[in-house]
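A short worksheet on the structure shown next.
The values are calculated or read from the model by the stated rules, or taken from the named source; none is laboratory data. None of the values given here were measured: they were computed from a predicted structure. Cβ atoms come from the backbone with ideal geometry, glycine included; neighbour counts cover every protein chain shown.
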Amino acid sequence: MGVLGLLTCRVAAAGFETVILKDGQRITGEVVAEKGTALYVDLGYDILRIPRDQVARRTKVDEADSVARTAPRGTELDTTGFYTTGPLKPAGVKELVGKYGEAVISIETPSGKGSGFLINKDGYAITNAHVIQGETRISAILYLNAPGGLTRRRLEDVEIVALNSFFDLALLKLPLPADLKPSHVVLGNDDDVNAGDGVFAVGNPLGFERSVTQGIVSNRSRSLEGQLYLQTDTAINPGNSGGPLFNHRGEVIGVTSRGAHAALADNLGFAIPISYVKEFIHHREAFSFDKANPNSGYRYLDPPRRLIAGRPEGLTDPSSGPRAPDKPSHRPVEKATGR
């Protein structure tokens, strides 16, 4: 279609929309024109023609809010602005690693090493709870793009912000110096994940820093110990824990958490779905970590044990005398206490 033909189309009301296609793809931009057979969406660098018979539905996006928060065009922020969500454009793994790999970090403690990823420009990062649980000294290593390769930057005194051991998630805060502005990831949507989709992981398996592995989603809803996981044949090894699982648009769709290491169980990896991560972030105050109380969140201390064996003073044996007046006459103490 020529430029003149485009200009004579009926101009739609200004505003950003997300156009959701019947195949599940999402396109976000300004709908600049509409015709009987097609929509015309301004992507910022090109005009895209979308046939109307391929459109499942359309939703409005608050342009002022997204621009005010300096989010890249094609993305939208959650209501709190704490992280960024897609949709993004598909691209090759090499290109996506170059674009978002800087957001993947290494987490180090005195007892081990894991992975994590930055979710915003303020230094907040996600990892697995088991990577840092019980630790008092946590460090992070950033891998920054530089001419000729990557440079390592180590940050000490990483803070635990929130911890949920049941979903195996932790929120950290890196003390970013003023001169350090690393990139951060974009979170995806569980509704866009299907078996057979291509995915890749970036992490530090067995201490091999910045390793990239790829595969597909083997199953989008695998139940393990009462929790749903994404199953993937992407190689997941110790050290990958807490790292991101990306789709081929560069969106994080899961947190790599566990792999199978039995002799007859190759190509079995599991990631925590991104919906769990979003809920954890939204309710992070409920899981706030207090270093003075390591049992914050939903972890509780066991009741104290008696230091002196034997029957505590003051208890009477119903078989040796009259029953206490506050006990039913038909229920002896031994039966009520389960003995």
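Quick one: is Ser223 crowded, with 16+ Cβ neighbours inside 10 Å and either at pLDDT 90 or above or among the polar types (S, T, N, Q) (or both)? It is false that Ser223 is crowded, with 16+ Cβ neighbours inside 10 Å and either at pLDDT 90 or above or among the polar types (S, T, N, Q) (or both). Within segment 179-194, is there a residue that is of a type in the set (S, T, N, Q), surrounded by fewer than 16 Cβ atoms within 10 Å (Cβ to Cβ) and farther than 18 Å from Val97 by Cα? For segment 179-194, residues of a type in the set (S, T, N, Q), surrounded by fewer than 16 Cβ atoms within 10 Å (Cβ to Cβ) and farther than 18 Å from Val97 by Cα: present. For segment 81-101, check the following and say yes or no: at least one residue is within 19 Å of the chain's Cα centre (by Cα), assigned to a loop (DSSP other than H, G, I, E, B) and modelled with pLDDT under 70. No; the residues of segment 81-101 include none that is within 19 Å of the chain's Cα centre (by Cα), assigned to a loop (DSSP other than H, G, I, E, B) and modelled with pLDDT under 70. Can you tell me which of (1) assigned by TED's automatic domain parsing to the domain that holds Asn240; (2) touching a strand residue (DSSP E or B) at 6+ places or on another chain (Cβ under 7 Å) is the one Thr151 doesn't meet? Exception for Thr151: condition (1).
Residue check: Tyr40 meets all listed conditions (1) modelled with pLDDT of 90 or more; (2) surrounded by 14 or more Cβ atoms within 10 Å (Cβ to Cβ); (3) within 23 Å of the chain's Cα centre (by Cα) but one, namely (3). Go through segment 174-211 and give me each residue that's under 18 Å from the mean Cα position of the chain (by Cα) and among the hydrophobic types (A, V, I, L, M, F, W, C). Once the filter is applied, which keeps residues that are under 18 Å from the mean Cα position of the chain (by Cα) and among the hydrophobic types (A, V, I, L, M, F, W, C), segment 174-211 yields Leu174, Val185, Val186, Leu187, Val193, Val199, Phe200, Ala201, Val202.
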